[in-house]
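Before any comments, here is the structure.
The values are calculated or read from the model by the stated rules, or taken from the named source; none is laboratory data. In this text, all values refer to a predicted model and were calculated from it rather than measured experimentally. Here Cβ is always computed from backbone atoms with ideal geometry, including for glycine, and neighbour counts include all displayed protein chains. Calculation scope for accessible area: heavy atoms of the full protein, side chains included, ligands and nucleic acids excluded. Shrake-Rupley method; radii C 1.70, N 1.55, O 1.52, S 1.80 Å.
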Amino acid sequence: MDIVERAFSGFTIRSISVSEMSNNVYLVTADGADSHVLIDAADDLPAIRSLIEAAGGGDVDAILTTHRHWDHVRALADAARELTDRTIAGVDDAEAIAEESGATVAETVEHEDVLVIGDLTLACIALRGHTPGSIAFVLTDADGQDVILSGDSLFPGGPGKTWSEEDFDSLMDDLEERIFARFGDDAIVLPGHGDSTTLGAERPHLAEWRARRW
């Protein structure tokens, strides 16, 4: 299992890729803390345990889920039983997440909510289109570096998959207004699958995405 470690000013984000879908699981740890925030308990609880051990062990304070799709929640019920029952997701995906995973969503968030979990502060940005309740979680380090955990709403090379013209327009509108207009080119994007990117690398292609409709 390969663990990717990214150190920022005030926190570290470690990640692994799990399952045949190559889902990214992220663990955020504040400097000096012995507890963590887990984002997307996608699959493979033993691998998630190893990720926590690589971060020094300790407790998980909360499990955040970016969206409702089955491949992002397969380990959620087991993780909630073993690690923490504080599970958090977007309000418009919470019911579907519970049905898909068998885990109760203990708290829901909406656009512009701010989560303060231990020494970590995460802004919640709703990105409607891939699913109705998709949420990007954004951390900003002590030097002003923004890190966007985008779920399946934004990837290197384009937006997340949508299933109708209306959903595509909704997702693109939210990405342009809530992500690209708000954050600078150096903002790092950590998606639900695959490699990271920056807003600066993607910004020149927004019109191209609009034109091709994916």
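Among the numbered conditions (1) aliphatic (A, V, I, L, M); (2) open to solvent by 30 Å² or more (accessible area, probe 1.4 Å); (3) within 16 Å of the chain's Cα centre (by Cα), the only one that residue 181 does not meet is (3). Residue 142 meets all of the listed conditions (1) touching a residue at least 12 places away in the same chain (Cβ under 8 Å); (2) under 19 Å from residue 204 (Cβ atoms) but one, namely (2).
Looking across segment 110-129, the residues that are more than 13 Å from the chain's Cα centre (by Cα) and either touching a residue at least 24 places away in the same chain (Cβ under 8 Å) or in a loop (DSSP other than H, G, I, E, B) (or both) come down to 110, 111, 112, 113, 115, 117, 118, 119, 120, 128, 129.
Scanning segment 131-186 for residues that are of a type in the set (Gly, Ala, Ser) and part of a helix (DSSP H, G or I) yields one hit, 170.
One residue stands out among those in segment 119-155 that are open to solvent by 60 Å² or more (accessible area, probe 1.4 Å) and not polar (S, T, N, Q): the one that is farthest from residue 62 (Cα to Cα), which is 143. Total residues in segment 62-107 satisfying the condition of being within 24 Å of residue 118 (Cβ to Cβ), part of a loop (DSSP other than H, G, I, E, B) and open to solvent by 10 Å² or more (accessible area, probe 1.4 Å): the figure is 8.
Looking across segment 1-36, the residues that are within 14 Å of residue 192 (Cα to Cα) and touching a helix residue (DSSP H, G or I) at 6+ places or on another chain (Cβ under 7 Å) come down to 14, 16, 18, 19, 21, 23, 25, 27. Checked against the criteria, residue 49 does not count as in a strand (DSSP E or B) and surrounded by fewer than 20 Cβ atoms within 10 Å (Cβ to Cβ). Out of 186, 195, 173, one residue alone is open to solvent by 50 Å² or more (accessible area, probe 1.4 Å) and in contact (Cβ under 8 Å) with a residue 40 or more places away in the chain. It is 186.
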